[in-house]
Amino acid sequence: MAKRSLSHRFRETAGDLLSDVLIDLNKRNKENLHSLSQHYTNFKNQRTCECILLLIKELRLDPLVGYHAMELLQRFMVKHLTDVLTSTTLRAAAADRRFEDAVFDKIKDKFPVLVFACVQLASKLFSIEDVITNMAAVHFLHTAGLSVSKQTLQETEMMILKALDFRLNTPNPLTYIELLLEVLGHNESSVPVEELYDLCHHVLQFVSLDRAAVYDSLLKMTTRCNCPSREQREKFVTVTEDCMLLGVGVIAVATFTHSVRIWAKVVEELSHITGISSKSIRDFTHVILVHIVRPSSPATPGRVLMTHTY
């Protein structure tokens, strides 16, 4: 497969169209946050993200495919397990810990194929040329030591599609970053968004792989507590799933790395674009930078991250 470029053409979209797309993405982000289950479980752990990113690199796909695959996998796992464990006919059995363990064991056995199927579905959304065919998928999985038939792959894809009601076109973090950079370049022509875009890929990859530690530090900074309660962690889930906040945080870190001189200006403009407070953006930037520079040292909860509103 041909290698996809990380380049992105900026400053070519009309301002009124950018405004409409931004409003739509902001609306979808808020709807996603409001629909999070109280018993939400995060499946975008380090090993899974690393696996997907390595798959994307090996298959020479656009990074956008990888981040979209992570979102599809997350949505599928939450929907599938929720349906299984709350089924009317199985509710009594679900109270039995052994039943719940059996469900997770079954998913664990299928998980590698589920991950690959999500990558395959994402590739079909973003490129006609780089779609992973079933034949190529089976060959690749065989080389990785997994004996999977084309029928199994097709059945897995259909299972994911049905669970998600065939709604695959959900925004992912890189979608937000690209749009925010587009709006930023439109509003501030002096900001080198093309150069920031390349840096954003590295920052987003870092945050995705070190997600648990980064957001744990952010939670401790927010609560000013080294041992946040279960209730505080549950409430904080909306922050961890806020793609708009992640987008501005990644761009702010990329800007700080590229040029400290324009960092404050970019933060203010990102705040103006999204409605997220400058303080929130600065604090999130601080947490990410601490983990990049000293990954083994948690951020000191010295300042409070203010809850932002749109």
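The single residue among LEU184, LEU174 that is out of contact with any Phe, Trp or Tyr (no Cβ under 6 Å at 6 or more places or on another chain) and either touching a residue at least 12 places away in the same chain (Cβ under 8 Å) or polar (S, T, N, Q) (or both) turns out to be LEU184.
Listed here are the helices (runs of 4 or more DSSP H) enclosed by segment 212-289 that have at least 3 residues being in contact (Cβ under 8 Å) with a residue 24 or more places away in the chain and small (Gly, Ala, Ser): 243-258. Please determine, by comparing only the residues of segment 180-197 that are out of contact with any Asp or Glu (no Cβ under 9 Å at 6 or more places or on another chain) and hydroxyl-bearing (Ser, Thr, Tyr), which one is surrounded by the most Cβ atoms within 10 Å (Cβ to Cβ). Among those that are out of contact with any Asp or Glu (no Cβ under 9 Å at 6 or more places or on another chain) and hydroxyl-bearing (Ser, Thr, Tyr), it is SER189. Of the residues that make up segment 78-95, is at least one part of a helix (DSSP H, G or I), modelled with pLDDT under 70 and basic (Lys, Arg)? For segment 78-95, residues part of a helix (DSSP H, G or I), modelled with pLDDT under 70 and basic (Lys, Arg): present.
Does segment 255-266 contain at least one residue that is over 30 Å from ASP16 (Cα atoms), open to solvent by 10 Å² or more (accessible area, probe 1.4 Å) and out of contact with any His (no Cβ under 6 Å at 6 or more places or on another chain)? Yes: segment 255-266 contains one or more residues that are over 30 Å from ASP16 (Cα atoms), open to solvent by 10 Å² or more (accessible area, probe 1.4 Å) and out of contact with any His (no Cβ under 6 Å at 6 or more places or on another chain). Just a yes or no: is a residue in segment 198-208 of a type outside the set (S, T, N, Q), under 30 Å from ASP83 (Cα atoms) and either touching a strand residue (DSSP E or B) at 6+ places or on another chain (Cβ under 9 Å) or open to solvent by 20 Å² or more (accessible area, probe 1.4 Å) (or both)? Checked against the condition, which is being of a type outside the set (S, T, N, Q), under 30 Å from ASP83 (Cα atoms) and either touching a strand residue (DSSP E or B) at 6+ places or on another chain (Cβ under 9 Å) or open to solvent by 20 Å² or more (accessible area, probe 1.4 Å) (or both), segment 198-208 yields no hits at all. Scan segment 21-30 and give yes if some residue there is surrounded by 11 or more Cβ atoms within 10 Å (Cβ to Cβ), modelled with pLDDT of 85 or more and either of a type in the set (Gly, Ala, Ser) or within 25 Å of LEU141 (Cβ to Cβ) (or both), otherwise no. No, the conditions are met nowhere in segment 21-30.
Please indicate, with yes or no, whether at least one residue in segment 224-238 is among the aliphatic types (A, V, I, L, M), surrounded by 20 or more Cβ atoms within 10 Å (Cβ to Cβ) and out of contact with any His (no Cβ under 6 Å at 6 or more places or on another chain). No, every residue in segment 224-238 fails to be among the aliphatic types (A, V, I, L, M), surrounded by 20 or more Cβ atoms within 10 Å (Cβ to Cβ) and out of contact with any His (no Cβ under 6 Å at 6 or more places or on another chain).
The values are calculated or read from the model by the stated rules, or taken from the named source; none is laboratory data. All values derive from a computational prediction rather than experimental measurement. Reconstructed Cβ throughout: ideal geometry from the backbone, glycine too, with neighbour counts over all protein chains shown. Surface areas here come from the heavy atoms of the whole protein model, side chains and all, with no ligands, DNA or RNA. Shrake-Rupley method; radii C 1.70, N 1.55, O 1.52, S 1.80 Å.
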